[in-house]
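Here is the structure we will look at, set down as structure tokens.
Coordinate-derived values only; no laboratory data. If you're wondering where the values come from, they're calculated on a predicted model, not measured in any experiment. FYI the Cβ positions are ideal-geometry reconstructions off the backbone, even for glycines, and counts take in every protein chain you see.
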Amino acid sequence: MKILGGLVTPDEGEILVKGQPVKIGHVNDSIHLGIGLIHQELNTLDNIDVAGNVFLGREPSRFGLINRAKMRADALVLLERLGLPISVDTQLDKLALAQKQMVEIAKALSLNARVLIMDEPTSSLTVTETEQLLKIVNDLRSQGVGIVYISHRLSEVTQIADRVVALRDGKNAGDLAKADITHDNMVRLMVGRDLVRKAASAEAKELDDCLVVKGLKTTRYPAREVSFDVKAGEIVCLAGLVGAGRSEVVQAIFGTDSALSGEVILNGTSMPLGNPRKAIDAGVCLVPEDRRSVGLIVEWSIKQNITLPGLSKYARMSLINGQAESDAAVTESKALGVKAPTVETIVGNLSGGNQQKVVVGKWMLQQPKVLILDEPTRGVDVGAKAEIYDLMRELTKQGVAILMVSSDMEEVLGVSDRVAVMHEGTITGVLSQKECSEEAIMRLAVGKVQAA
Amino acid sequence: MKNLIRKELGIFVLLVVVCAVTAMKSPHFLGIENLQNTAELIGLYGIFSIGAGMVIITGGIDLSVGSVFAILGVIMAMLLNPNENNWPTPLKFLNGSHIPWLVVVAIILGLGTLLGTLHGYLITRVKLQPFIVTLCGLLFYRGMARFISDDNTKGFAEAKGFEVLQKLATGKVGGVPMPFLILIVFSVIMWFVLHRSVYGRHLFAVGRNEEAARYSGINTKRVIASAYVISGLFAGVAGILIAFFTNSISPGLHGNSYELYGIAAAVLGGCSLRGGEGSIIGIVLGTMLLQVLQNLVNLLGIPSSLSFAVLGAVILAGVLADQLLTNRSKKAKVKAAAG
């Protein structure tokens, strides 16, 4: 994918465009060939307006001065083609993520892209935004644009794909024609085996309160309060749309974000807020949403990452015992099935799933009482996903309370014992496993308060 | 880690080559007196370069060191030498005071630490940029040094009453200059601190990815501030030694641009200005290389006006070579993975 975009040069093989073999050594080559690339992480600049972003690096100019009128007019045409109701003068930082993504698509279209490559375009979009995007993808298809749609979200794939090419470990794992595109067929190709769906644990027995959150106010929604509890041995999911303030809540509990007011009670004692160290020592750990920039130090080895939060355990008089540190890291990464040659392997070279296992591993060594996971399986392959779910189940058997934030409906329904749904900073309802359904969650997520 | 060892090895080879060339061209290079002088300079510069390196590892920078030398040097001379104490108005009460030299040393080290703490506070709590904070320090302390001394050069005369201190700062043990010995002691301690201790690992973590470090429960503010405290303390130690080495402190010039020598030594020794990378051995080797180059310029009769140009060119060449090697090894890795 990066090869087609001209970011990485291929080691072998050839690329054909309209039957002609071509060489792509640079981003410009792929642009000339009509290949547009939409990265998973957006490449838009927040400090420039929509028109400027669409024509970034190719601003129409006269005498070295930007021809703003032409740029705005051209951008407007593209936005209309996409059916995007925003002004071309809007500064990008005022837009929602989904809209920024549309701007990115507009940019690719402005290059007369004949093939559009989209890498996990919906990974951070809400359900409605996703539908919008899929509609645009459909429109583009009818306009004769070829689309390579890379996604882990199988329901989207079933919805829009004409053909599926599954890759596993950097190799073709098989193709599916339109008629054969089903959830199970795709999973089989990706995993190389049939995935047995895990039934969620039996209806909760009488469990003790472990984590109680009372009247928590976050900086994002200073006027709204959040209260809920997680019992020992239970998995509670915070569901809701993107922007509902779920991450802010878990960050405030862990202490990486400040809480304006409220109380977090852990096993009966009030926990100091705003200090991750104290949270960790008390037994509250967070697997953050953005593992590459805050969950891990990607330039470091598996070992160094796993032992970082509790390094002093392997030290005497503050000097680290290298052997003890190594042993702990080896044991933990084996237990979690991290696929890497040694624990000295640099984390940045691992797949998303293995990286996530390392993040989980570093908290396992802290023996958490409460494990908070924010979008634990985003960008994680199906195999590793199942392993992470198994691990969560295993932990609840040991009496760990798990709080999970997830936007993946399948995950919410399949893993949680209870689902607390958030809408604009408050919890609109808590659903037991029995009451849980996609419709019930969505109703609460869009703000309909649960009937008492 | 491997990367670091390669860097250290690279600069070590460069050091050996420069030494060999100088020794061949000039018989004086290996003369005992020249070696002693060079060792003394390496000691003086090495101590504060380690401090500079600590700060750079956190991703920051300390530009104030040279001016700290000036203000600490002036204050020390005025406290130690009764002939020199004509303090300006708010400090007039110090005139004619006799303070034991041990107390003076404690005051100077305390002041260095205090300034470092102030920098750390402004950077981590007030969230000012390290460059700005320490640049203001560079200007402010220089100005204060000139004000306190009334722009007069201060000296230690016969060092009456503090001969022991002077001996400690400028003497030799078994022919090895004191500053060099002190550097060795400091490097060994700091090697353990940086490369073997929990604190050292946290320092690297914070420099590499401050947010990830915070999410791992590291008190990142305290760790970053501590680097400036160490830099301040080491500047205090080096400040005392340098003052006795020059034996006269002209407030406008003393220590001028020394902070850049520290930064250069650290960068040459493998510290990345982006933070998260560096080693004590590298910093010490970097200091040695800079001093030997300085010595080479002197011994080979290269016009001294060119000495800065030589330093600049060698640092650039070193960094360039390193970058080229890094790129090449990256490509080789990709190839190996493909094959």
| request: Give, in nm to one decimal, the length gained when the segment between residue B:13 and residue B:98 is fully stretched (0.36 nm per residue of separation minus the Cα-Cα distance). | output: 25.6 nm
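What translational D, rounded to a whole number of µm²/s, comes out for the protein assembly as shown from Stokes-Einstein when the hydrodynamic radius is the Kirkwood one over Cα pairs, at 37 °C and 0.692 mPa s?
Once the numbers are plugged in, D ends up at 108 µm²/s.
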| query | Using the Kirkwood radius built from alpha carbon pairs, what does the Stokes-Einstein equation give as D for segment B:191-314 at 25 °C and 0.890 mPa s, in µm² per second? | reply | 148
| said: If R₀ is 35 angstrom, what is the calculated FRET efficiency for the pair residue A:214 and residue B:117, using the beta carbon separation as r and rounding to 0.05? | reply: 0.35
| message | Could you tell me how far the Cα centroid of segment B:229-262 sits from the Cα centroid of segment A:272-345, in Å? | response | 40
| said: Please compute one quarter of the surface area of the Cα convex hull for chain B and express it in square nanometres. | reply: 19.5
| field | Computed P(r) (all Cα pairs; segment B:116-211; 5 Å bins; percent) | value | 3, 10, 10, 11, 14, 18, 15, 12, 7, 2, 0
| said: For a Förster distance of 41 Å, can you work out the FRET efficiency between the beta-carbons of residue B:131 and residue A:141, rounded to the nearest 0.05? | reply: 0.20
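Hey, with R₀ at 45 Å, roughly what FRET efficiency would residue A:260 and residue A:165 work out to, going by the Cβ-Cβ distance, to 0.05?
0.35
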| message | At a 10 Å Cβ-Cβ cut-off, how would you order A:270, B:187, fewest neighbours first? | response | A:270, B:187
| chain B, dipole about Cα centre (Lys/Arg Cβ +1, Asp/Glu Cβ -1), debye to the nearest 20 | 1340
| request: May I ask for the distance between the Cα centers of segment A:123-165 and segment A:48-103, given as a whole number of Å? | output: 23
| When N counts the residues of chain A, how does its alpha-carbon radius of gyration compare numerically with 2.2 N^0.38 Å, as a ratio? | 1.06
| query | Taking a label point 7 Å from the Cα of residue A:344 along the Cα→Cβ vector, which residues of segment B:301-330 have an amide N closer than 20 Å to it? | reply | B:326, B:329-330
| request: Please report A:436, A:237 as a ranked list, fewest other C-beta atoms within 10 angstrom at the top and most at the bottom. | output: A:436, A:237
| query | With the dipole of segment A:34-161 worked out from charges on the C-beta (+1 for Lys and Arg, -1 for Asp and Glu) around the Cα centre, which of A:105, A:45, A:77 lies farthest toward the positive end? | reply | A:77
| Options A:66, A:55, A:146, ranked by Cα towards positive dipole end of segment A:34-161, top entry (Cβ charges) | A:66
| request: Please report the Cα spread of segment B:40-120 along all three principal axes, rounded to whole Å, starting with the longest. | output: 44, 30, 18
| said: Please report, in whole Å³, the volume per residue of the convex hull around the C-alpha atoms of segment A:34-161. | reply: 98
| Once you average over the residues of A:296-308, how many Cβ atoms of partner chains fall within 10 Å of each Cβ? | 4
| message | Please compare each pair in A:357/B:221; A:94/A:434; B:92/B:160; A:107/A:217 to a cut-off of 32 Å on the Cα-Cα distance and tell me which ones are over it. | response | A:94/A:434; A:107/A:217
| residue B:20 to residue B:152: extension gain in nm, 0.36 nm per residue of separation minus the Cα-Cα distance? | 43.3 nm
| query | So how do B:170, A:396 line up by other beta-carbon neighbours within 10 Å, fewest first? | reply | B:170, A:396
| remark: Helix A:97-110 sits off the longest principal axis of the Cα atoms of chain A, rounded to the nearest 10 on a 0 to 90 degree scale, by 20
| query | Under the Karplus relation 6.51 cos²θ - 1.76 cosθ + 1.60, θ = phi - 60°, what is the ordered set of whole-Hz ³J(HN,Hα) values for segment B:44-52, x standing for Gly and Pro? | reply | 4, 6, x, 4, 6, 5, 4, x, 4
